[in-house]
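None of the figures in this text is laboratory data; all of them are computed from the coordinates on show. Every value quoted in this text rests on a predicted model; they were computed, and no experiment measured them. Glycine gets a Cβ as well: all are built from the backbone with ideal geometry, and neighbour counts include every protein chain shown.
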Amino acid sequence: MTPYSRLPELADELQNLLKETESQISKLPPAPSDDAQGQIIMLISDFARELASYVEGTPDDNGIHQAIRPLNKGLVGEIRSTAPKFSPFLRGERIPYTHPTFLLSEYEPVIRADDDNAICVNEVLDMGDK
């Protein structure tokens, strides 16, 4: 065996090591910029641009508005369910009352003249006088 017989094998091994090293180098993050302030401004503007496109909405179901809408409706219902039932009527008074139509699209009316659990005007006044 001559000292040069391993040369092709060593050349192949060297090529493999060079490829592996280049692959590892390519995975490294970019070198720090000399202009750190410019790089920060670029990162912030990229973030703002991406956020703006997300907030503006998309025509598909993956937009922020589409994701929030069902949660918003549920939250509004939960909050409205905690409100006390005030009635603009005196206890026992039966006056025909129609809810304003502009509110009907937002939520179901909660004021009912015949609701026995409602807090009526005369009861509020009596509490205030005590």
Under Karplus coefficients 6.51, -1.76 and 1.60, residue-wise ³J(HN,Hα) of region 71-82 in Hz, glycine/proline x: 5, 5, 4, x, 5, 4, x, 5, 5, 5, 6, 8
Can you pull the percent of Cα pairs in region 36-82 with separation above 16 Å? 59 percent
What distance in nm lies between label points placed 7 Å from Cα along the C-beta direction at Arg6 and Leu75? 7.0 nm
How far is it, in nm, from the label point at Ser26 to the one at Asn62 when both lie 7 Å from their Cα along the line to the Cβ? 2.6 nm
Sorting Phe47, Phe89, Phe102 on the 10 Å Cβ count, fewest up front, what's the list? Phe102, Phe47, Phe89
